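A short worksheet on the structure shown next.
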Ligand SMILES: NC(=O)c1ccc[n+]([C@@H]2O[C@H](COP(=O)([O-])OP(=O)(O)OC[C@H]3O[C@@H](n4cnc5c(N)ncnc54)[C@H](O)[C@@H]3O)[C@@H](O)[C@H]2O)c1
């Protein structure tokens, strides 16, 4: 960080897959983070998960200077002096609206409120808070420290100050933003989540195994990891929540979560974070 541009004070809500990933990126870039998590069990394990992610980032060659300072808290009030607050809580419009409305009340007009939702239109959430101009969408992808581009969603009511705040934050995080208009799933989830649902349907029908679907998508079509490995990385519970949002708001039957995904979520097979999804993982399970 330069003397002219001090690091923005960042708060992150939710210490799930994305809250941890975004916090890791910020700390590695020297940005201080107040991480708010309501679940005591999640809170208890979060420092060791972030240390693990920081080590992984370093092994993957992510450049790192002095780390930003981390505060872990259960209290949203600890966000009140932040320049930017990123909500990365459960993909549920009610939970998000409540969390954002509280942060809006606690913070001043210059704080930018960022939703990391995968699928809920930004304006739907903006309509639930007192100052809709403070809210903007920034769709970080996991692992955030390896993926240098983010989708930035300007809602119809997003103000210029929020756009400027996001530019400053992305500059500090070394990320490039691609701006798109609002709508269910924006661009990336509208395309990706439907494709993953189709890939799961193919496995469900017995036409091909998960490994074979992923190998074909990787080797023949250049997909980096294959859709079902990506699904495990996202978390199948979050994926199903996002598909439900997409299905309800677009009416697109291709977005109705297929039975195989629903069964895996019911059985606790949430992907990497639970140790099992379409694949089995020996390390990294934490739900
Ligand atoms: N998983 C991904 O790859 C991915 C990628 C891009 C965007 N997203 C989006 O990011 C958000 C978070 O996804 P995730 O996969 O990390 O979910 P997750 O289920 O792993 O974690 C959500 C966390 O939020 C916590 N939480 C709930 N309400 C809270 C509140 N009011 N204050 C503080 N913490 C609260 C929960 O206890 C949980 O720890 C979702 O909107 C999701 O759609 C996810």
Task: Antiparallel bridge percentage (DSSP; both residues within the chain; nearest 5) - done: 15
TODO: Report, to the nearest 10°, how far helix 160-173 tilts away from the longest principal axis of the Cα atoms in the chain, using its own Cα long axis and a range of 0 to 90°.
DONE: 70
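Which of the peptides 55-63, 229-237, 167-175 is most tightly packed, and how do the rest follow, going by the mean number of other Cβ atoms within 10 Å of each residue?
By packing density, highest mean first, the sequence is 229-237, 167-175, 55-63.
Mind ordering 273-279, 204-210 by average Cβ neighbours within 10 Å, highest first?
Answer by packing, highest mean first, reads 273-279, 204-210.
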Task: Cα shape, the stretch 165-287, gyration tensor, a/c 1.5 rule - done: prolate
Task: Full-stretch length increase - residue 201, residue 252 - with 0.36 nm per residue and alpha-carbon distance subtracted - done: 16.8 nm
- [ ] Taking the chain as the reference, fit the longest principal axis to its C-alpha atoms, fit the long axis of helix 93-106 to the helix C-alpha atoms, and give the angle between the two in degrees, 0 to 90, nearest 10.
- [x] 10
TODO: Please determine, in degrees from 0 to 90 and to the nearest 10, the orientation of helix 40-59 with respect to the longest principal axis defined by the Cα atoms of the chain, where the helix direction is its Cα long axis.
DONE: 80
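Where a number appears in this text, it was derived from the coordinates with a stated rule and is not lab data. Only a predicted model underlies this, so the values are computations on that prediction, with no experimental measurement involved. In this analysis, Cβ positions are derived from the backbone assuming ideal geometry, glycine residues included, and neighbour counts consider all displayed protein chains.
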